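Take a look at the structure set out below.
The values are calculated or read from the model by the stated rules, or taken from the named source; none is laboratory data. Please read these numbers as outputs of a predicted model, since none were measured by experiment. Note that each Cβ is placed from the backbone with ideal geometry, even for glycine, and that neighbours are counted across all protein chains shown. Ligands, DNA and RNA are stripped out before the accessible areas are found, and what is left, the full protein with its side chains, is counted by its heavy atoms. Shrake-Rupley method; radii C 1.70, N 1.55, O 1.52, S 1.80 Å.
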Amino acid sequence: MEFVADFHIHSKYSRATSKSMDTQHLAEWAKLKGITLIGTGDFTHHLWLEELKNNLEDLGNGLFKYQDVYFILTSEISSIYSKGGRCYRIHNMVFSPSFKTTDKINEALGRRGNLASDGRPILGLDAAELARIIFDIDENCMVVPAHCLLPDTLIHAQNALKKIKEINKGDLVYTHKLNYRKVTKVLKRPYKGKIYHIKPYYFRAGLKTTPEHPFYIIKTYKNCRLTEGICRPNCSALNECKRKYFQSYNPLWCQAKDIEKGDIIIFPRFKNDMQNIKNIEISQFINSSDFILGNGKIYPKGNKVSKINNGVRINKEFCRLAGYFISEGYTNNRDCIAFSFRANELNYIKDVKKLMQSSFGISLSKLQV
């Protein structure tokens with residue numbers, strides 16, 4: 001018998017899932033999408049397991065039935081553990097052939113962690129130990145990786161960007177811990193299902209991944225009344241906002257399917273490329289024969305000139321000004337820089353004027369609206 005299947009499912013008892021994720025709605029939507037075999041998901045959660053036992057017809061061959069849709073008992077386990085001085089975060093799918101086996105699995109895993117905390121429980125078990133526990137209970141079970149990146153995804157290896165499919169055992173790859181770690185094993189698996197294309201700002205290529213792949217992100221407040229956008233520190237400073245939702249932002253691991261437009265994806269910075277610079281002198285970057293330096297000011301030779309500070313402090317204000325220039329600035333490739341804003345972006349214009357004065361000691365020369 002051939003099936004169109006979807007095994008990676010969560011119930012209404014999992015975090016960030018719909019309250020309609022019950023057996024009835026799962027079956028209804030499976031029919032609409034042409035899916036004939038669907039995973040139950042979350043059999044480790046006692047309330048969901050009780051609902052499954054009450055609603056599913058046991059066919060005695062590892063399959064169950066509800067409203068002409070076949071089900072198979074599945075659950076996802078999140079393993080977060082330390083080993084050999086490293087922290088691992090691994091998600092695995094567990095398939096069970098019967099409710100009897102499922103009860104034994106839950107009893108064994110329940111001694112290792114709180115299964116009722118989430119439909120996808122987090123346990124301090126490494127993947128090998130999880131597999132050992134499962135197969136010791138019933139060799140007819142199955143354990144598979146829950147998600148992955150696609151083969152053509154680029155990742156940072158030690159000497160260059162490489163596609164995942166080009167990574168070999170022994171290669172060094174960059175991790176979210178800001179260091180390189182050696183690849184100990186290369187795993188491959190067939191996949192047919194939804195693919196999410198995550199496109200961060202200034203990274204148009206983005207990342208393509210299966211729905212459950214974890215990303216390290218910051219969830220943002222997206223209903224700011226002042227800007228009709230997300231709450232950001234610079235917006236709060238400009239508009240003297242007292243709510244400051246951004247102060248409660250914290251990084252967290254989030255599945256690809258739960259990332260929203262406006263969330264912030266955290267990228268590692270390469271330690272070797274970073275320098276802590278507190279001050280710069282403009283005279284170090286230009287041809288000294290074309291400029292005059294005196295009394296801490298620097299200016300080009302000529303009659304009508306603007307003197308600017310030669311020494312510039314690298315502080316939050318300067319970095320904010322640099323951000324304005326990256327997003328809204330341009331130059332005539334000769335002797336001036338400019339910023340382009342909409343006529344109603346008066347707060348940004350006011351802020352740039354103040355920052356140019358504090359960083360370089362110069363005032364606005366021309367304003368066009």
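Across region 111-128, not a single residue is classified as more than 33 Å from the chain's Cα centre (by Cα), farther than 24 Å from Ala5 by Cα and free of Cβ contacts under 8 Å to residues at least 40 places away in the same chain.
Figure legend. Inter-residue proximity from region 299-319: first residues farther than 21 Å from Cys235 by Cα, second residues modelled with pLDDT under 75, beta-carbon distance below 6 Å, spacing 6+ or different chains. Indicated pairs: Tyr299/Val305. Output the residues belonging to region 54-94 that are of a type in the set (Phe, Trp, Tyr) and surrounded by 15 or more Cβ atoms within 10 Å (Cβ to Cβ). Matches in region 54-94: Phe64, Tyr66, Tyr70, Phe71, Tyr81.
Residues of region 40-73 that are in contact (Cβ under 8 Å) with a residue 60 or more places away in the chain and polar (S, T, N, Q): Thr44 alone.
With a requirement of 3 or more residues that are surrounded by 15 or more Cβ atoms within 10 Å (Cβ to Cβ), the strands (runs of 3 or more DSSP E) lying completely within region 95-173 that satisfy it span 142-145.
For region 113-131, taking the residues that are among the charged types (D, E, K, R) and under 25 Å from Thr17 (Cα atoms), the one that is modelled with the lowest pLDDT is identified as Arg120. Tell me, yes or no, whether region 33-53 has at least one residue that is within 24 Å of the chain's Cα centre (by Cα), assigned to a loop (DSSP other than H, G, I, E, B) and surrounded by 13 or more Cβ atoms within 10 Å (Cβ to Cβ). Looking through region 33-53, at least one residue is within 24 Å of the chain's Cα centre (by Cα), assigned to a loop (DSSP other than H, G, I, E, B) and surrounded by 13 or more Cβ atoms within 10 Å (Cβ to Cβ). Look at Cys336 and say whether it is closer than 24 Å to Asn276 by Cα and open to solvent by 40 Å² or more (accessible area, probe 1.4 Å). Here the answer is no, as Cys336 does not meet what is asked. Among residues of region 11-31 that are farther than 17 Å from Ser78 by Cα and open to solvent by 70 Å² or more (accessible area, probe 1.4 Å), those with a beta-carbon under 7 Å from a residue that is at pLDDT 90 or above and not in a loop (DSSP other than H, G, I, E, B) at least six positions away or on a different chain give the pairs Lys31/Val69. Please state which one of Glu212, Glu228 is modelled with pLDDT under 85 and under 30 Å from Arg243 (Cα atoms). Criteria check complete, one pass: Glu228.
Here is a yes/no grid of residues against (1) modelled with pLDDT of 75 or more; (2) touching a strand residue (DSSP E or B) at 6+ places or on another chain (Cβ under 6 Å); (3) part of a loop (DSSP other than H, G, I, E, B); (4) aromatic (Phe, Trp, Tyr):
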| residue | (1), (2), (3), (4) |
| --- | --- |
| Asn223 | yes, no, yes, no |
| Cys241 | no, no, yes, no |
| Gln247 | yes, no, no, no |
| Asn272 | no, no, no, no |
| Gln275 | no, no, yes, no |
